[in-house]
1. Can you give the net charge of the other residues whose Cβ lies under 15 Å from the Cβ of residue A:149, counting K and R as +1 and D and E as -1?
2. As an exercise, take the mean of 1/r over every pair of distinct alpha carbons in segment A:52-264, invert it, and state the Kirkwood radius in angstroms.
3. Take chain A, connect every pair of alpha-carbon atoms lying under 10 Å apart with a spring to form a Gaussian network, then pick out the residue of A:155, A:229, A:83 with the largest mean-square fluctuation.
4. In the structure shown, do any of A:241/B:102; B:55/B:119; A:129/B:102 have a Cα-Cα gap over 28 Å, and if so which?
5. Have a look at A:226, A:29, A:55 and tell me which one the Gaussian network model of chain A (Cα, springs below 10 Å) gives the largest fluctuation.
6. If you put +1 on each Lys and Arg Cβ and -1 on each Asp and Glu Cβ, how big is the dipole of chain A around its Cα centre, in Debye rounded to 20?
7. Under a point-charge model restricted to the Cβ atoms of Lys and Arg (+1) and Asp and Glu (-1), what is the dipole moment magnitude of the protein assembly as shown relative to its Cα centre, in debye to the nearest 20?
8. What residue among B:60, B:119, B:102 has the largest mean-square fluctuation in a Gaussian network model of chain B, using Cα springs under 10 Å?
Amino acid sequence: MTARRSRALAGARGVGYALGLPVVLLALWWVAGDGSANIFLPSLREILDAFGRVWFSDVFVHDVVPSLWRLAAGYGAALLAGVAAGYVIGRWAVVRALASPALAYFRVLPAPVIIPVLLVAVGIGDTTKLIVIAFGALWPILLNTADGVRGVDEVTLETAAAYRLTGWARHRLVLRAASPQIFAGARQALGVAIILMVVSEMLMSTDGLGFTVIQFQRTFAFPEMWSGVLLLGVLGFVLAKLFELVERYALRWHRGLTGRQEGSS
Amino acid sequence: MTSGSGDGGSVLLRVDGVGKTYVSRERTVQALAGIDLAVRDGEFVSVVGPSGGGKTTLLKIVAGLLPATAGEVVLGGRRVTEPPAELGIVFQEYGRSLFAWKTVRENVELPLRQRRTPKAERRALVDEALEAVGLDGVGTAYPWQLSGGMQQRVAIARAIAYRPRLLLMDEPFSAVDAQTRGDLEDLLARLWRRYAITVLFITHDIDEAVYLSERVVVLGSAPAAVRAEIAVDLPAERDQLSTRSDPRFAELRAQVYAQIRRPPADAGPVASASIRQETVTT
């Protein structure tokens, strides 16, 4: 009984800590901004009002859904390509030596810079946006996978070889051993993908979240514009939390392992 | 010789003039200088030698993990060029050798899966192996949740479940405390008898080699060659207390020790031959 109650209390306290500061900030915004005469900085009341009006309508289907779809497709493509290429680069020294100079170049190249190039080469369609998102998200995944694969423990590999784990079994084993680093890269890439989704939609789109926010700004619909900013923040937060859930599940062995090592040292 | 299982058995493993020279740009290092060694079916043979003396290199060549630069290894009549089937292996670094993302059970099961052992048989083999090392009931735990000694038991169970003809062990008990070490030694001795496995055991611990083996092979310092082979004529049933206080145990360990400490200068074929002679007559 008491154990359950103290656990419930601890849970409530955790929620309290998590929500405390945001609630205070929103309350401050609400009070300080109330009755604001500045049309560029509308009050929170107006923004929330606009939020319900704008996003809980068919705008959701016409703009939010396409954005999410682009994000998912671009990010998914980056995951597949990044893990595959990172594996090859991490596993074979020759490939690594060949690829390193090009990688050093591309990893520092700001992804949005390819937008004008793609506009000329590919056009303004969804393909361009997908390529921009995938291109930006690729590098953190690729580089982290390559590092992780390269760093797989030698005794682990020798054990696998001695028990004749070859072919797919070996590939799976190496990827699994490298998965903590692959996840680190994927987490970083998710943030990049969201940024590029918005940027690409702002620059070259006729729908989507980025386009809608720009559209509201151009038509002086400032509460609506602010509500888009709010929605993007919430979206980023929810996606990061979802990612965390997947990572927690996939790396549950790793958390316990590192926790124990830290605890015993 | 008293321990029966090895006597008269056919030769399972033959190491013929195996040499290993590492060549890099800066220098050339000879680790092994022509090792000759034969292990009969069912025999328990230890290889001792100074640390850094190429014991692990020898084990990796026998396991097919490392190519020799001279000579050859023949296991069960077939030349070893890659890890042979039915080879079990246990490394010193259990924490790195076990797959951390797999449970104890999955670790033991993985080599059998790869070998495409049918599911029911696989389950039976894993159950039996875990029971044999005293780990029934922890199958769903992750290796890192267990103590070092228990983790090494998992690695041993993995080898046992695989039903290897040859079990290679590279200083398997060097990283655990003395009490656990004794327990693991006795466990290994029991398993060796129960499953009639052939064991090639690498260690730097002379006492451990004498306590466990039927025969001790002494390697010199690098470039390592076989200095002596000493048959261990202790009773087959061994016990941490009585065996280790047996005067014959003390004699044997002194013999092994003398061979290891012998300066390389007088390490000649004559000395080596006289030792072999001695072992035959005892």
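1. On the way: positive: A:91, A:96, A:150, A:170, A:172, A:176; negative: A:147, A:153, A:154.
Overall, the nearby charge balance is +3.
2. Numbers: mean 1/r = 0.0523 Å⁻¹.
After inverting the mean inverse Cα-Cα distance, the result is 19.1 Å.
3. Comparing A:155, A:229, A:83 in a Gaussian network model of chain A, the most mobile one is A:155.
4. B:55/B:119; A:129/B:102
5. Its mean-square fluctuation being the largest, the pick is A:29.
6. Values: 23 positive and 16 negative charges, 238 e Å.
In debye, rounded to 20, chain A gives about 1140.
7. Numbers: 58 positive and 51 negative charges, 123 e Å.
Taking the Cα centre of the protein assembly as shown as origin, the dipole is about 600 debye.
8. It is B:119.
FYI, it's all coordinate maths here, none of it is from the lab. Note that this is a predicted model, so its numbers are computed, not measured. Here Cβ is always computed from backbone atoms with ideal geometry, including for glycine, and neighbour counts include all displayed protein chains.
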